[in-house]
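Quick note: the coordinates plus some simple rules give every number you see, no bench work behind them. Keep in mind the model is a prediction, meaning the values are calculated, not measured. No Cβ is skipped: glycine too gets one built from the backbone with ideal geometry, and neighbour counts run over all protein chains shown.
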Amino acid sequence: MEFFERFAIPHPSPAIYASMVAIALTTIAVVVGLTYFKKWGYLWREWLTTVDHKKIGIMYMISALLMLFRGGADALMMRAQTAVPENTLLDAQHYNEIFTTHGVVMIIFMAMAFIIALMNFVIPLQIGARDVAFPRLNALSFWLYFMGAMLLNISFVIGGSPSSGWTSYFPLAGNELSPSVGTNYYMLALQISGLGTLITGINFIVTILKMRAPGMTLMKMPMFTWAGLITNVIIVFAFPVLTVALAMGTMDRLFATNFFTTTDGGMDMLWANLFWVWGHPEVYILILPAFGIYSEIIPTFARRNLYGYTTMVVSMVVISLLSFVVWVHHFFTMGQGALVNSIFSITTMAIAVPTGIKIFNWLFTMWKGKIQFTVPMLYSLGFIPIFTIGGVTGVMLGMASADYQYHNTMFLVAHFHLVIIPGVVFAMIAGLTYWWPKMFGFMLNERIGKWGFWFIAGGTVLAFFPMFISGLDGQARRMYTYSEGTGFGIWNMLSFVGAIGLAIGFALLVYNIYYSTRYASRDIGDDPWNARSLEWATHNPVPEYNFAITPQVNSSEAFWDAKKRGHKLFKAGYKDIHMPNNSGIPFIMSVFFFIFGFAFIFSMWITVIVSLIAILACMTYRSFEKDDGYHITAEELKKAESELRGAK
Amino acid sequence: MKELFPAKHVSGFVFSLILTGVALLVYFMDMSFAVGMTILVITAFAQATLQLVVFMHAGESSDKRSIYISVIYGIVIAILTVLGTLLAMIWGYV
């Protein structure tokens, strides 16, 4: 009986039982639906086994949107709980679990997935490649991420969610203070999806360095590809630190080692240190692709080329280097001396310089441009002021002595939401709207999109600006309730209203996808935005081989040159194209990783060993497998191309 | 004869064995902590360089510049991380 007790929820509530029922019903509905419509084969052939970077990108995107709603539901519950003083909607433990999973889900499983989704879909197209360098590894990356995400998401119905914050600081996250399996879920889920992210990082560095179209030197790459390259370099250098920290944390919890304990020579703050050695570069992993997206969208809709291409590249390189030398600013109040804090204070403020350069470059790009207020452009325009406010409050937090006042208050919460939401979420919605016709061959409705923008931008401002005030008044973050006498009530109520605005905005986004899928015109041509970079030189939606003929590139805006300056993109004739075969191995291997993770969390060692053997068997099978891919012949290509053109 | 006997790789292999042997001495011989760690750090870096150059063929392809730049970038990041951690956790902790 003791064996099964571990799977029970330590703090059950009606909401959790309701979600158990909801999960069961959804699973049954999905299985029945797939069987009834005979879609199992389709699902397996077209999606589960695919190695096509475009389909993997779309799967990342769908997962990211799902996770956005999971994390968003957490956020709404948090705001509802704190909307009025001494609220009893949630108890303390439930609130702890919710802010923990909100952070983990939003950063690791929503934002990371969203940037990787767009990198997957766009970068090979922007550099004129057929796919990423290692298509099958790419599929493995996705499935590892997906299984990691699912593992964390079942925690709240089996065994209990992690509840020590998304930073999971020891000793709070240790066995003594977090006795449930929640933190094991955190460690293993992040470990598995982190593996996927690391593989993605290597894959994209190789792709960008080795597979660019002829003529595309590094300094002629589109800005989003540059951002992707720098991001992946940061991923490769930062993620191993998280891997090591998680492994040490897991051993502390399961094998009674003493890395982060307060006794027997352990250093509890070493976890915070290692976590932020990864964690600070991580925020630049999130923001740089967003910068890249804005650098694509702003020139397109301002009808001017990007101002200061070289300074954009240099500032990103400087940001990537500086991002590794600022992490101590996350724990200025730990107790280290003034010298240490001063050093990291200065490096922190230095980051504002390259970021400021980028902001000014975007402003100069728009200067005297003919701005079109499309949905992607609205998000880019909304990003600049809100992000700047979020950014300069970051500089305030970066002043070590002043940070003793702000640390761990709602002021900090306001700061990082006001950089991450306009930085990442706005960019992702903007990029999604911008590249949507590339993915699906029709455009999202502009009118609904604009309504969505105003709800999301207004909601963001209303939800987070009041936190600056309540934070300076002394409201600590992560407190599940407060007394009426504090006077925080009004600010939290305003935040709650803003959160509802955000929820309406995201609902409008989903409605827009539904509405446009049903009613939008499919007759939009290959270049609906009058865009500038190479990905628009192929068809909408993109055929599986991307470009029928490998393009010749002469500048970072090769497609614009082809339209306006008579540059010839496609010189050679049709040639046979070598394509990779689909494979079920990445999916199957990741399922074993899921089982491995689950068994590890509950210390079921026999299952752990069996699933590890299965994972090794998958790798061995792959090593001896002879798979030479297949060819699309020149005749097939010619036929497909003339059909694609005839349809237009 | 040169094609039949890959002198560079054999000597590289022998040298890497010697480095491993020297590192093992730290465990078997009686020496102070500081001396032992110094030997380990030096042999570890020599071993890594040797593997990278001789067996992983860094510097043999046309893009050796970007390979060396990324290796140096990695070393810089590693050193900054380790020194920064020591600074925050031990040296600067009062």
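A few points about this structure:
- Overall Cα dimensions of chain B, principal axis frame, Å, largest first: 64, 39, 10
- Phi-based couplings in Hz for the stretch A:297-310 (Karplus 6.51, -1.76, 1.60; Gly and Pro marked x): 6, 4, x, 4, 9, 9, 6, 9, 6, 4, 6, x, 3, 5
- For the stretch A:534-604, the pair-distance distribution built from all alpha carbon pairs, in bins 5 Å wide starting at 0, is 3, 13, 14, 13, 11, 7, 6, 8, 8, 7, 5, 3, 1, 0 percent.
- Between the stretch A:28-99 and the stretch A:554-568, the alpha-carbon center distance in angstrom: 41 Å
- The fewest-to-most ranking of A:327, A:451 by surrounding Cβ atoms within 10 Å reads A:451, A:327.
- Rounded to 0.05, the FRET efficiency of the residue A:469 and residue A:446 pair, given R0 = 35 Å and the Cβ-Cβ distance, is 0.50.
- Alpha carbon Rg of the stretch B:1-56, scaled by the compact-globule rule 2.2 N^0.38 Å: 1.38
- Note on the protein assembly as shown: helix-only mean residue ellipticity at 222 nm, from DSSP H runs of 4+ residues weighted -39500 (n - 2.57) and normalised by residue number, equals -22000 deg cm²/dmol.
- Ratio Rg/Rh [Cα only; Rh per Kirkwood] for chain A: 0.96
- All lysines inside 26 Å of residue A:210 as judged from Cα atoms, apart from same-chain residues fewer than 8 positions distant: A:54, A:55, A:220, A:438, A:568, A:571, A:575, A:626, B:64
- Residue exposure sequence - A:641, A:635, A:557 - by fewest surrounding Cβ within 10 Å: A:635, A:641, A:557
- Exposure proxy shown here: for A:79, A:518, the number of other Cβ atoms within 10 Å sets the order, fewest to most, as A:518, A:79.
- For the stretch A:232-348, the calculated P(r), taken from all Cα-Cα distances in 10 Å bins from zero up to the bin holding the longest distance, is 12, 32, 29, 16, 8, 3, 0 percent.
- Distance from the alpha carbon centroid of the stretch A:438-472 to that of the stretch A:299-356 works out to 26 angstrom.
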